[in-house]
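The values are calculated or read from the model by the stated rules, or taken from the named source; none is laboratory data. All values reported here derive from a predicted model rather than from experimental measurement. We place every Cβ from the backbone using ideal geometry, glycine too, and count neighbours over all the protein chains shown. Remember, those area values only see protein heavy atoms, side chains included, never the ligands or the DNA or RNA. Shrake-Rupley method; radii C 1.70, N 1.55, O 1.52, S 1.80 Å.
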Amino acid sequence: MSTATMDGTSTRDRAARAPRRPARSGAGRIASHAVMAVMAVYFLLPFWWLLVAATKNNDGLFGSQPLWFGGDFSLFGNLSDLFSQSDGIYLKWLRNSALYSVVSGFGATAVAALAGYAFAKLRFPGRNALFATLLGLIMVPMTALVLPTYLLMSEIGLTDSVWAVILPSLLNPFGVYLLRVYAHDSVPDEMLEAARIDGAGELRVFLSVALPAMRPALVTVLLFTMVATWNNFFLPLVMLSNDDLFPLTVGLRTWYMSATIGNGGQALFSVIVAGSLVAIIPLIVAFLLLQRYWRGGLTLGSLK
């Protein structure tokens with residue numbers, strides 16, 4: 001039995017004319033699962049090789065199957081050699097990488113949050129021109145700016161210091177763009193006006209109203225900046241010449257070059273692999289600890 005609607009058509013007729021979503025066949029589901037499995041193997045294979053290689057001694061690295069464990073389990077021996085090599089300089093490099101990443105991550109996130117909120121919610125002369133310039137900067141590769149940055153740091157006497165790595169990392173055009181878009185959509189103008197009517201200043205409005213609503217995007221920018229700084233190689237390579245200030249990327253490269261040219265460092269290859277494995281553990285921990293903040297809603301924390 002069908003019922004007539006306002007335009008004279010029956011509900012049965014409308015149901016017949018409604019487009020139907022084609023049911024996914026069993027072959028389609030199998031194909032999609034197969035593609036996902038292949039992609040998972042593709043992304044996990046380098047990590048699996050690193051994990052397996054870290055358990056081998058120097059002879060096992062070159063004389064056994066690359067994707068399976070060798071005869072001797074040398075992981076703990078490799079770790080012992082890693083932390084004792086060159087009077088424990090690896091720990092200094094690990095500390096330097098953590099310092100550069102944490103300070104740059106929080107600093108770049110703070111700068112991006114202030115700039116993104118200003119572009120999204122404040123009106124000031126030249127806003128559109130500045131934002132267009134920002135979009136252009138996103139297209140410029142960071143490696144193209146390293147040499148001009150080095151000349152600038154050299155003029156003010158900051159080369160071969162921790163600030164030579166931290167200060168350039170505070171500028172994140174993509175983070176500003178991401179937070180601008182997020183603040184524009186997730187922070188209602190009515191909430192800002194209500195806070196201003198209640199007597200809150202602009203800084204109070206930003207800290208109490210806008211910042212909690214931007215938390216998922218803030219964590220995203222923080223993680224991206226920390227990972228980029230942790231993995232940054234070219235900038236510290238150009239800026240630093242003191243071994244005690246090297247991050248892990250540059251420090252491991254010096255060991256690799258010594259082992260490659262045969263400068264008495266043939267036994268370093270197993271130590272380098274173990275150092276590479278240890279170097280990615282902090283990144284994994286950071287993602288596991290901060291991923292829950294991505295699940296928040298657009299106005300999480302701004303409304304009760």
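Order Thr254, Thr143 by their accessible area, 1.4 angstrom probe, all chains in place, largest first.
Per-residue accessible area, sorted high to low, gives Thr143, Thr254.
Give the range of the longest stretch in the chain that excludes all chymotrypsin sites (Phe, Trp or Tyr not before Pro) found in loop regions by DSSP and having at most 14 other beta-carbon atoms within 10 Å.
In short, 74-232.
Express the accessible area of the chain per residue in Å², computed with a 1.4 Å probe while the remaining protein chains stay in the model.
Averaged over the residues of the chain, the accessible area is 60 Å².
In nanometres, what is the gap between the two model label sites at Leu290 and Val140, each 7 Å from Cα along Cα-to-Cβ?
Once both label points are built, they end up 2.5 nm from each other.
What is the Cα centroid distance between the stretch 171-234 and the stretch 91-125, reported in whole angstrom?
That distance is 11 Å.
The stretch 80-185: which trypsin sites (Lys or Arg not before Pro) are DSSP loop and have at most 10 other beta-carbon atoms within 10 angstrom?
When the trypsin sites (Lys or Arg not before Pro) of the stretch 80-185 are filtered for loop state and at most 10 Cβ neighbours within 10 Å, Arg123 remain.
State the extension gain, in nm to one decimal, for the chain segment bounded by Ala40 and Leu207, taking 0.36 nm per residue of separation less the distance between their alpha-carbons.
Separation in residues times 0.36 nm, less the Cα-Cα distance, equals 56.1 nm.
Can you work out the FRET efficiency for the pair Asp244 and Phe62, with r the C-beta to C-beta distance and R0 = 25 Å, to the nearest 0.05?
So, using R0 = 25 Å, E works out to roughly 0.20.
Using a Förster radius of 25 Å, what is the FRET efficiency between Leu99 and Phe76 based on their Cβ-Cβ separation? Nearest 0.05, please.
0.35
Return the FRET efficiency for the residue pair Phe69, Asn231: r is the Cβ-Cβ distance, R0 is 22 Å, and the value is rounded to the nearest 0.05.
0.20
With n ≥ 4 as the cut-off for DSSP H runs, can you work out [θ] at 222 nm for the chain, using -39500 (n - 2.57) per run divided by the number of residues, rounded to the nearest 500?
-21000 deg cm²/dmol
Quick check: the angle from helix 127-138's long axis to the longest principal axis of the chain, C-alpha only, nearest 10 degrees?
Compared with the principal axis, the helix lies near 40 degrees.
Enter the angle in degrees (range 0 to 90, nearest 10) between the Cα long axis of helix 173-186 and the first principal axis of the Cα atoms of the chain, meaning the one along which they spread out most.
In the chain, helix 173-186 runs at an angle near 30 degrees to the longest axis.
Just one of (i) 25.4; (ii) 13.8; (iii) 27.7 is mean projected area of the Cα convex hull in nm² calculated from these coordinates, so which is it?
The calculated read-out lines up with (iii).
Please report, as a whole percent, how much of the solvent-accessible surface of the stretch 130-264 comes from carbon and sulfur atoms (probe radius 1.4 Å).
The nonpolar share, carbon plus sulfur, comes to 65 percent.
Measuring from label point to label point, each 7 Å out along Cα→Cβ, what is the Glu155 to Leu91 span in nm?
The modelled label-to-label distance comes out at 4.1 nm.
Which ³J(HN,Hα) values in Hz, rounded to whole numbers, follow from the phi angles of the stretch 154-168 under the Karplus curve 6.51 cos²θ - 1.76 cosθ + 1.60, where θ = phi - 60° and Gly and Pro get x?
After applying 6.51 cos²θ - 1.76 cosθ + 1.60, I find 5, 5, 9, x, 10, 5, 6, 9, 5, 5, 5, 9, 6, 4, x Hz.
Mind pulling the angle between the C-alpha long axis of helix 89-121 and the longest principal axis of the chain? Nearest 10 degrees, somewhere in 0 to 90.
Helix 89-121 sits at roughly 20 degrees to that axis.
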